[in-house]
Amino acid sequence: MFSSFMANAWIVGTLVALLAGATGFFVVLRGSSFAAHAIPNGAFAGAAGAALVGVTPLVGLVGFAVVASLGIGASRRHRSDVATAIALVMMLALGAAFLSLSAAYEPQVEALLFGEILGVSTTSILPVVVIASLCALALAVMYRPLLFNAAAPDLATVRGLDPRRLEMGFMLTLALGAALTVPVVGALLTFSLTVGPPAAARLVTRRPLSALVASMFLSAATLWASIAASYQSNLPVGFFVGTLSAVVYVLARLSCAWRRRRA
Amino acid sequence: MHWLFEPGIWSNAAVRTGTGVGVVVAAVSALVGLFTVVRSQSFAGHALADVATAGGAGAGLFGFSPLGGFVIGSLLGAGAMEAIGVERVRQRDVATGIVLGGATGLSALFLYLITLNSSRTGSTQSILFGSLFSVSNSSFVLISALSLVVILALGALGRPLLLTSVSPDAARARGVAVRRVALAYTLLMAVTVGLSAIVIGSVLSTALLIGPPAAALRLGRRLGASLVMAVVLGALAVVAGVVASYDSYYWWPSHRALPVSFCVVTMVVVELIVTSALARRAGARDASGRA
């Protein structure tokens, strides 16, 4: 399980999980799960499009995720959930069209949707490190404004914080992170990692910084357990990521209820 | 002219059945979806489609009826969302997310096992993206019957649903059981989404649930007119999408037709763009008339 060909999976997996935990903390805080679900699907369409045209997948992943995030962020004035839903289905439909035009093999489709962590190559580590650091930097810069905006939106606006610019910045960060995570855990399960562990962390502690750290740790632990279980059982890693993320949340809920009963 | 409108299209039985089912499903989705848009429940509506996918894949794996799998999966998902808690908006967001995440994990497992155990290919894509043209005549009858049940139930919910959607506080003051109406509506939405997910795939299901009603609401705010408009726009998108998909066979020398799902979604997006342009022009005319 720790042999050399698995080393890349562990390194990239850990980076991706830490990033998903950090962005997920803000996703749960801001209530933007739907966007966090839609943007990875944009990345999926991008990967399918890149395969059709024959360019590096990363170009398609980043390009389409950014387009999806701009579409969602720009229409914040109207009903944002409708805009998100339409952006999401358009991206998925485009992905389906690209796939059927390029006649991709079914395993490739499944890898994009549900992830293929054991296929991480050494050359893909550098872009992952670069993009992950960029996202981490962006989150660090936006940390205080995002918290302020979530806690007291009106006061934050009065103090000169532009909520639309903040939303845009956050969506772009989500898009970059998604472009990174999709090839590893897949379009559908990037989302599980971004919501389950962070929501659990928020239940366990109320202090923002410790919730952020707990979220990153829980997310990494979920992915580690998933890689190990997938390696042992030969079942897809996406199955474990999805179900374990939900299990982590349910356990946190139960421990919360139990503590309240005792208090 | 055949690249624009292939004359033989309606003589094909699969195309006729597929279009018929598509129009029925589009009409039910539009009626139910209008309330989804007004209640800002798009995320739940979409999540139920993905949960239904897990149910459909599970049914495929264990050999149950796929329609049952889709509808039951979706109903279970709606129940789980309610159990986690949907009182406050932000909590609703997380509850939906957790159920959606867990369900996609299950889909991943089921679809993997299906491809492992059978020599058939393409089941992942047909479950996720659907195919209108593979609907059989017998399921057409069943789907139409279930659609009728949904429409009757929606009519029975009627005014309390409208009141709780537009103004929950006023509804509570009038003694409407807001929680119970919300639960009933979510279950109704689950059945609708399960129905449409099996026919046209989870992707298209969201497009038909949200797109036509959102477009109709841009044109006017009166309930009756919006309902009719949403149904017309939904049916139109399906028919136009089917024709485009059928004709796209002639668009490239490689003769690879575009998927129906893609064509229908594109039509829905075109409708949204056109209606929002119309709404903007009407808004500008109003403003200049007042000045």
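The values are calculated or read from the model by the stated rules, or taken from the named source; none is laboratory data. Quick caveat: nothing in here was measured; it's all calculated off a predicted structure. In this analysis, Cβ positions are derived from the backbone assuming ideal geometry, glycine residues included, and neighbour counts consider all displayed protein chains.
Give the residue, chosen from A:42, A:60, A:31, that is away from every other protein chain (no Cβ under 14 Å) and at pLDDT below 85.
The match here is A:60.
Filtering region A:22-58 to residues that are polar (S, T, N, Q) and under 12 Å from the mean Cα position of the chain (by Cα) leaves A:23, A:32, A:33, A:41.
Identify all residues within region B:45-62 that are facing another protein chain (nearest Cβ under 10 Å) and either free of Cβ contacts under 8 Å to residues at least 60 places away in the same chain or within 14 Å of residue A:83 (Cα to Cα) (or both); write none if there are none. Across region B:45-62, the qualifying residues are B:45, B:46, B:47, B:54.
In region A:171-191, the residues that are within 13 Å of chain B (Cβ to nearest Cβ) form Cβ pairs under 8 Å with partners that are buried (at least 24 other Cβ atoms within 10 Å of the Cβ) and acidic (Asp, Glu), at six or more places apart or across chains, as follows: A:188/B:50. Given the criteria away from chain B (no Cβ under 14 Å), farther than 23 Å from residue A:68 by Cα and among the polar types (S, T, N, Q), does residue A:210 qualify? Yes. Go through region B:209-230 and give me each residue that's over 12 Å from the mean Cα position of the chain (by Cα) and not small (Gly, Ala, Ser). Answer for region B:209-230, where residues must be over 12 Å from the mean Cα position of the chain (by Cα) and not small (Gly, Ala, Ser): B:217, B:218, B:219, B:221, B:222, B:223, B:227, B:228, B:229.
Only one entry in A:253, A:260 is more than 28 Å from residue A:68 (Cα to Cα), in contact (Cβ under 8 Å) with a residue 24 or more places away in the chain and basic (Lys, Arg), namely A:253. Checked against the criteria, residue A:150 counts as in contact (Cβ under 8 Å) with a residue 12 or more places away in the chain and at the interface with chain B (Cβ under 10 Å from one of its Cβ atoms).
Say whether the condition of being hydroxyl-bearing (Ser, Thr, Tyr) and farther than 24 Å from residue B:211 by Cα is met by at least one residue in region A:66-81.
Within region A:66-81, none of the residues are hydroxyl-bearing (Ser, Thr, Tyr) and farther than 24 Å from residue B:211 by Cα.
Scanning region B:162-179 turns up no residue that is closer than 21 Å to residue B:71 by Cα and surrounded by 15 or more Cβ atoms within 10 Å (Cβ to Cβ).
Matching residues to (1) away from chain A (no Cβ under 14 Å); (2) closer than 23 Å to residue B:77 by Cβ; (3) more than 15 Å from the chain's Cα centre (by Cα); (4) not basic (Lys, Arg):
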{"position": "B:159", "(1), (2), (3), (4)": "yes, no, yes, no"}
{"position": "B:176", "(1), (2), (3), (4)": "yes, no, yes, yes"}
{"position": "B:189", "(1), (2), (3), (4)": "no, yes, no, yes"}
{"position": "B:197", "(1), (2), (3), (4)": "no, yes, no, yes"}
{"position": "B:207", "(1), (2), (3), (4)": "no, yes, no, yes"}
{"position": "B:237", "(1), (2), (3), (4)": "no, no, no, yes"}
{"position": "B:242", "(1), (2), (3), (4)": "yes, no, yes, yes"}
{"position": "B:260", "(1), (2), (3), (4)": "no, no, no, yes"}
{"position": "B:270", "(1), (2), (3), (4)": "no, no, yes, yes"}
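Is it the case that some residue within region B:186-202 is of a type in the set (A, V, I, L, M), more than 30 Å from residue B:108 (Cβ to Cβ) and surrounded by fewer than 24 Cβ atoms within 10 Å (Cβ to Cβ)? No - not one qualifying residue is present in region B:186-202.
Scanning region A:169-228 for residues that are part of a loop (DSSP other than H, G, I, E, B) and over 22 Å from residue A:93 (Cα atoms) yields a count of 3.
Please tell me if residue A:203 is on the phi < 0 side of the Ramachandran plot, within 15 Å of the chain's Cα centre (by Cα) and at pLDDT 85 or above. It would help to see each step written out before you state the result.
Working: on the phi < 0 side of the Ramachandran plot: yes; within 15 Å of the chain's Cα centre (by Cα): no; at pLDDT 85 or above: yes.
Judged against the criteria, residue A:203 is not a match.
Quick check: anything in region B:200-221 over 24 Å from residue A:84 (Cβ atoms) and assigned to a helix (DSSP H, G or I)? No - not one qualifying residue is present in region B:200-221.
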